[in-house]
Amino acid sequence: MVEVKLKYGQGTFEYPLSKGKLLQAENLPVPPEAETEIRRALAYPIGTPPLREIVNAGEKVVIVTSDITRYSGSEIYLPIVVDELNKCGIPDSDIEIIIALGIHRKQTESEHRKILGPLLGRIAVFDHECEDPAELVDLGVTDSGIPVQINRRVVDADRVIVTGTIGFHYFAGFGGGRKGLVPGVASRETCMASHFAVFNPPEIGGKHPQAVVGVMEGNPVNQNLVQAARRVKPDFLLNTVLAPDKQILGVFCGELEQAHLAGCEMVRSLFQVTVDRPADLAIVSCGGEPKDINFIQAQKALDYGCRAVKEGGTIIFIAACRDGFGYPTFFDWFRYQDLDEFEAALRKDYQINGQTAHAVLTKARRFRVILISELSTTETQRMGMEKADDLQSALDRVLPELGEIAEIVVIPDGGMVLPVVSRNI
């Protein structure tokens, strides 16, 4: 009997796959040697010349990279990018690394070490400040009315290199690319204004049908992010595509949009998985840290996983959330238990974490969700879910109610895999 390992924080649960279908990316390529792949992508970028034809000695260069909630392979590629810049005549003293926190918390020294690897102590590193006016520069307003306020160090640099990783995103279509800049190094106001397009105009109500996972064309949130990021005029992009075990499968370098879209197609081809029919039960693990470091990060796997389940079906959701919810005011939004009242409150005072809370409660109303996490019973129930202490207790609660003919899917890497049902029942 096959034992499926389901990651939970830094540990695992095991599920005996005697019944059910394993839903995971299949036929993944053998990971290339990471340094070779990074240097190949740097040498042959998409839509731009290589760095050696862009940067010049005497220029100040800023490299933007992701925070600890989004592992990207930065400790591998950042030293190589710095090496390339050194070869272009840019000394370490003319290079800064900005951690693209968006509205996330600051990073600890140990987290900086994980992100920068051997560069810590060698290259200056700064956490983005989204609420300090002295650290922000106003770049005007986009055609769609989004105010663009960006990290001063980024704006003042002669050259800007944006780095990160590409994966599915539950309402921006895909992560990576433009998101390294907006929300990555944008003001809180810019973050909120650009994300508000997740909602339809008030006369229509509800969520915009194109503001969903895997959709870029016609997605108003993506359009807002791209327009705002263009104001920065970044010079170069480096984005990775990772395997579930965090090995680098692909590296995409070049122009902000062209290189990003090429990486998005690789993600879609590898991690979009078709199922014949929606299941009665999905057992979903986010894939361990950092994808389940907090609930705001973890809930993305819930969004993807529920797409494999019939309306009213059950999801056993495995997400440790050792850092709690991930934002101080996130849980406060669950004071709204009526979804219409919740949406009305968001339209009056839009907050990204509030919109995420609304999406979570919406799914908890559509499905029975049993959450295995470090969150309390009270917190879990307030989000519309049931708490279980471990996988076995959750299974003992659910399996007797489903019967022998129940359809079950098991998703070990729920933070990466996007199920698509080929037909409904």
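The C-beta contact set for the range 380-403 (first residue assigned by TED's automatic domain parsing to the domain that holds Leu361 and of a type in the set (Val, Ile, Thr), second residue at pLDDT below 95 and assigned to a strand (DSSP E or B), distance under 6 angstrom, 6+ apart or interchain) is empty. Scanning the range 89-139 for residues that are of a type in the set (Lys, Arg), in contact with a helix residue (DSSP H, G or I) (Cβ under 7 Å, 6 or more places away or on another chain) and in a helix (DSSP H, G or I) turns up just one, Lys114. Taken across the range 165-181, residues that are among the aliphatic types (A, V, I, L, M) and more than 25 Å from the chain's Cα centre (by Cα) do not occur at all. Criterion first (assigned to a strand (DSSP E or B), farther than 24 Å from Gly403 by Cβ and within 21 Å of the chain's Cα centre (by Cα)) does Val284 satisfy it? For Val284, the condition - assigned to a strand (DSSP E or B), farther than 24 Å from Gly403 by Cβ and within 21 Å of the chain's Cα centre (by Cα) - is not met. Go through (1) surrounded by 14 or more Cβ atoms within 10 Å (Cβ to Cβ); (2) in a loop (DSSP other than H, G, I, E, B); (3) modelled with pLDDT under 95 for Pro31 and report which single condition fails. (3) is the only condition that Pro31 fails.
Quick one: would you say Ile46 is in contact with a Phe, Trp or Tyr (Cβ under 8 Å, 6 or more places away or on another chain) and either of a type in the set (A, V, I, L, M, F, W, C) or within 19 Å of Asp235 (Cβ to Cβ) (or both)? Taking the combined requirement at face value, the residue satisfies it.
Examine the range 5-26 for a residue that is of a type in the set (Lys, Arg), under 24 Å from the mean Cα position of the chain (by Cα), part of a strand (DSSP E or B) and surrounded by fewer than 15 Cβ atoms within 10 Å (Cβ to Cβ), and state whether such a residue exists. Yes. Could you please give the count of residues in the range 385-398 that are closer than 13 Å to Ala364 by Cα and either assigned to a strand (DSSP E or B) or out of contact with any strand residue (DSSP E or B) (no Cβ under 7 Å at 6 or more places or on another chain) (or both)? Of the residues in the range 385-398, 2 are closer than 13 Å to Ala364 by Cα and either assigned to a strand (DSSP E or B) or out of contact with any strand residue (DSSP E or B) (no Cβ under 7 Å at 6 or more places or on another chain) (or both). Looking across Leu139, Leu120, one residue alone is more than 24 Å from the chain's Cα centre (by Cα), without any contact (Cβ under 8 Å) to a residue 40 or more places away in the chain, more than 30 Å from Gly414 (Cα to Cα) and crowded, with 16+ Cβ neighbours inside 10 Å. It is Leu120.
When the range 71-117 is limited to residues that are of a type in the set (Lys, Arg) and closer than 27 Å to Ile296 by Cα, the one that is farthest from the chain's Cα centre (by Cα) turns out to be Arg113. Pairs needed: first member in the range 321-350, under 14 Å from Thr362 (Cα atoms) and crowded, with 17+ Cβ neighbours inside 10 Å; second member anywhere, modelled with pLDDT of 95 or more and among the hydroxyl-bearing types (Ser, Thr, Tyr); C-beta distance under 8 Å; at least 6 residues apart or different chains. Close Cβ pairs satisfying both conditions: Phe342/Tyr336. Within the range 143-157, residues that are in the same structural domain as Asn222 (by TED's automatic domain parsing) and closer than 12 Å to Pro183 by Cα sit with their Cβ atoms under 9 Å from residues that are aromatic (Phe, Trp, Tyr) and part of a strand (DSSP E or B), at 6+ positions apart or across chains, in these pairs: Asn151/Phe126. Restricting the first member to the range 194-220 and to residues that are outside the structural domain of Arg347 (by TED's automatic domain parsing), and the second to residues that are among the hydroxyl-bearing types (Ser, Thr, Tyr) and not in a helix (DSSP H, G or I), the beta-carbon pairs closer than 7 Å and six or more apart or on different chains are Phe196/Tyr350; Val213/Tyr170.
The values are calculated or read from the model by the stated rules, or taken from the named source; none is laboratory data. Treat the numbers as computed from the prediction; the structure is a model and nothing was measured. Methodologically, a virtual Cβ is constructed for each residue, glycine included, from the backbone with ideal geometry; neighbour enumeration extends over all protein chains shown.
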